[in-house]
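See structure below.
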Amino acid sequence: MLDRASLARDLRAAIGKGELFLQYQPKAHLRSQRIASVEALVRWQHPVRGLVLPGDFISLAEESRDIVDLTVWTIQQVVKDQRLLAADGHDITVFINISGGLLSDARFVRRACALVQSSGVKIGFEITETAVIREPETAIAHLQAFADIGIVIAIDDYGAGLSSLAYLKQLPARELKIDKLFVTQLTSSNRDPLIVRSTIDLAHALEMEVVAEGVETAAAFALLSVMGCDVVQGYFISRPLGLPALIEFLERDHSDGFDRHRASLPNL
Ligand code: C2E
Ligand code: MG
Ligand code: MG
Ligand code: MG
């Protein structure tokens, strides 16, 4: 408890002190073998504890409401990085993870819309379905406001939480991301391929693109390709990368497969 309290206190200061930074993980389009988009993932370089991953601080930020400042910072940083990418000829959508609670915060929604609209860059938001359960009407209206200004909505971690088909039908989402829970053991489990297969069919019936996260092996990559999955993301394609490494990755030719260059990729 003490530890969480001190981490929460440090986090409040971390944003202003420049201790947060972003890594970007590519999402690859299977048919064209091109990078479809990237996802921004926040990291915290703590002066004493070293690198802290979001699993250890996002929930703290959600409880203290520091999540608002953290997310505003993330959007601003993504816009800056996207200008650098565009200057290098990479006009690519960047997805940002948006905590569920923010979808019922009208002030945050107005602020996020203003930031994205004035930037002119291509932005996507990843949200989990659980995000809409508490105040479904408000959350769905806010998602619609995001979609109306061109923000691409993706449903994150599909299948891992309380998946409700009733909400899925109403969300203005263009992408469905199948949780890595069903993907990392895709080729060694009996049931996961059935679940993934039917989720792909469901998403396509709803006219959504399907993204599989947690693709770690050539075997999973190949199976997803046969199953008609649209986009894949995971260590097999690339780990999350800092901006310079991302630019290097985008500039490589991947037309004869992603695995060819994988061994030479740095871990950051
Ligand atoms: P997520 O959005 O579902 O992100 C996927 C997580 O899986 C990332 O962990 C990523 O590094 C990891 N991953 C990627 N490829 C593979 C793979 O092939 N195998 C395995 N086993 N894991 C893989 P990370 O970066 O630690 O992020 C964890 C969660 O923290 C994210 O889950 C997201 O919910 C949240 N998060 C990250 N950045 C932000 C942010 O800026 N704002 C908010 N609100 N949440 C964030
Ligand atoms: Mg995500
Ligand atoms: Mg996810
Ligand atoms: Mg996940």
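The numbers here are math on the coordinates, done by the rules we state, and not lab data. Since this is a predicted model, take the numbers as computed values, not measurements. All Cβ positions, even for glycine, are placed from backbone atoms using ideal geometry, and neighbour counts span all protein chains on display.
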13 Å reach of a label modelled at residue 13, 7 Å along Cα-to-Cβ, counting backbone N of the stretch 23-53 = 46-49
query = When only alpha-carbon atoms count, how far does the chain stretch along each of its three principal axes, as whole angstroms with the largest first?
reply = 47, 44, 41
key: Computed helical MRE - 222 nm, the chain, DSSP H runs ≥ 4 contributing -39500 (n - 2.57), nearest 500   = -13000 deg cm²/dmol
ask   = What pairs from 80/169; 80/122; 80/177; 17/177; 27/180 go past 24 Å between their alpha carbons?
value = 80/169; 80/177; 17/177
inquiry  = I'd like the Karplus ³J(HN,Hα) series for the stretch 209-222: coefficients 6.51, -1.76, 1.60, θ = phi - 60°, whole numbers in Hz, and an x wherever there's a Gly or Pro.
reply    = 7, 9, 10, 9, 9, x, 7, 10, 10, 4, 5, 5, 4, 5
request  = Excluding residue 24 itself, calculate the net charge of residues whose Cβ lies under 9 Å from the Cβ of residue 24, where each Lys or Arg counts +1 and each Asp or Glu counts -1.
outcome  = -2
key: Furthest towards positive pole of dipole, 97, 127, 67, structure part the chain, Cβ charges   = 67
remark   = tail above 23 Å in the computed P(r) of the stretch 1-91, as % of all Cα-Cα pairs, reads 33 percent
ask   = Can you list the HN-Hα couplings for the stretch 162-170, worked out from phi with the Karplus curve (6.51, -1.76, 1.60; θ = phi - 60°), rounded to whole Hz and with x for Gly and Pro?
value = 8, 7, 10, 5, 4, 6, 3, 4, 9
note = Cα-Cα pairs in the stretch 37-86 separated by more than 16 Å, as a whole percent of all pairs, come to 50 percent
key: Inter-centroid distance (Cα atoms) of the stretch 171-189 relative to the stretch 74-116, Å   = 24 Å
request  = Calculate the dipole size of the stretch 102-145 relative to its Cα centre from +1 charges on Lys and Arg beta carbons and -1 charges on Asp and Glu beta carbons; express the result in debye to the nearest 20.
outcome  = 260 debye
inquiry  = For the stretch 52-122, what does the convex hull of the Cα positions come to per residue, in cubic angstrom?
reply    = 92 Å³
remark   = Computed on Cα atoms only, the convex hull of the stretch 51-186 has an orientation-averaged projected area in nm² of 9.4 nm²
inquiry  = Running a GNM on the chain with Cα contacts under 10 Å, which residue among 87, 219, 147 ends up with the highest mean-square fluctuation?
reply    = 87
request  = Report, as a whole number in µm² per second, the diffusion coefficient that Stokes-Einstein gives for the stretch 142-268 at 37 °C and 0.692 mPa s using the Kirkwood radius over alpha carbon pairs.
outcome  = 208 µm²/s
